[in-house]
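Notes follow the structure.
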Amino acid sequence: MRSTLSKFVAVVTAGAVTLALAACGSGDAGTSAQKLRVGTLTDAPPSIYLENGTFTGYDNELLRDIAKREGFEVEFVGTEFAGLLAAVATNKFDIGSSTISTTEARKKTVAFSNGYSTGFTTILTKKGAGLKDVAAFGGKRLGVVQASVQDDFASGKVPGANVVRFPDYNAGFAQLKAGSLDGWVVPKDIGQKYIDQNPDVPLEFGYTVETKDTPSAFAVRKDNKELLKKLNDGLAKAVADGTVARLHAQFFKTEPLPKELEQGGPGLPVQNPGV
């Protein structure tokens, strides 16, 4: 789940396609088509971030591509992750785009598109800390983004950890840098980005675990089946023609692309109970 101050809200209109998308906008089914509002984060590179006033990153550029294929526009709005899924469920946003892991608990609130990435959860530490296994973090202060999968991981799978919650990634990183945290639980690609962008801060990866069973996907309202279909159709086309592979290589310099998402691959299907 992946730079700005807490509660910063920025709006950028994206895409040049103006074709209609009936029944998929913020209004009720049957109303005139309108631009879709996308809730996203501003500080989680390389997946989702704000650069020179424009929302970008792997997730958001992929969503722009899908929108062009499927004939709708997207308007990105910066938000905090903790309230994102509820905002999608209550129609504040049409789509959630924030490297959202497709857990069973989250499927009770929203529906998910098929997956567009997998990854690793890691605990970033100061260099030389020697915290390489999950048991080593008992009694340690671990920073997480509130309501993220990393929050679930630190709370449920790191026995004895003192979990400290933050509204965004920048806030957690600042505390790790200042020395008030022993570890910062993040998706590994985001951790690598902070290491690369802050060579003066001695950091390293501690414990790391793969999260392939809950791929990242776009979130939509459970009753918006037409939009869900469009997202899945557009994503399938982007996998088939190699666009997903190209965008992944653009934003993830060292992380391998899952074989399922290679050009012509089968994709990463996500099941939504009751949808």
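No lab work stands behind these numbers, since they all come straight from the coordinates. Source: prediction; values computed, not measured. In this analysis, Cβ positions are derived from the backbone assuming ideal geometry, glycine residues included, and neighbour counts consider all displayed protein chains.
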Semi-axes of region 227-270 from the Cα gyration tensor (sqrt of 5 times each eigenvalue, largest first, whole Å) come to 19, 10, 9
Across region 120-210, how many lysine pairs, 8 or more apart or on two chains, come within less than 19 Å at their alpha-carbon atoms?
17
Hits among aspartates and glutamates - C-alpha to C-alpha of Lys230 under 14 Å, sequence gap 8 or more where chains match:
Asp65, Glu70, Glu73, Asp94
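On a full-extension model of 0.36 nm per residue, what is the gain between Asn198 and Lys212, subtracting their alpha-carbon distance, rounded to one decimal in nm? It would help to have the intermediate numbers written out before the result.
Values: separation 14, 0.36 × 14 = 5.04 nm, distance 2.79 nm.
Difference between extended and current length: 2.2 nm.
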Shape call for region 120-210 from the C-alpha gyration tensor, a ≥ b ≥ c root eigenvalues: rounded (a/c under 1.5), prolate (a/b greater than b/c) or oblate?
rounded
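On full extension of the chain, what length is gained from Gln271 through Lys132, given 0.36 nm per residue of separation minus the C-alpha to C-alpha distance? Spell out each step's value before the answer.
On the way: separation 139, 0.36 × 139 = 50.04 nm, distance 3.40 nm.
Length gained, Gln271 through Lys132: 46.6 nm.
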Full-extension gain between Asn52 and Asn91, please, as 0.36 nm times their residue separation minus the C-alpha to C-alpha distance.
11.2 nm
Checking rank on 162-170, 85-93, 142-150, with mean other Cβ inside 10 Å and highest first, the result is 142-150, 162-170, 85-93
Packing rank of 216-229, 118-131, where each peptide gets the mean count of other beta carbons within 10 Å, highest leading
216-229, 118-131
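Return the tail of the calculated pair distribution for the chain, meaning the percent of Cα-Cα pairs more than 27 Å apart.
Details: 13523 of 37675 pairs.
In whole percent, the share of Cα-Cα pairs in the chain beyond 27 Å is 36.
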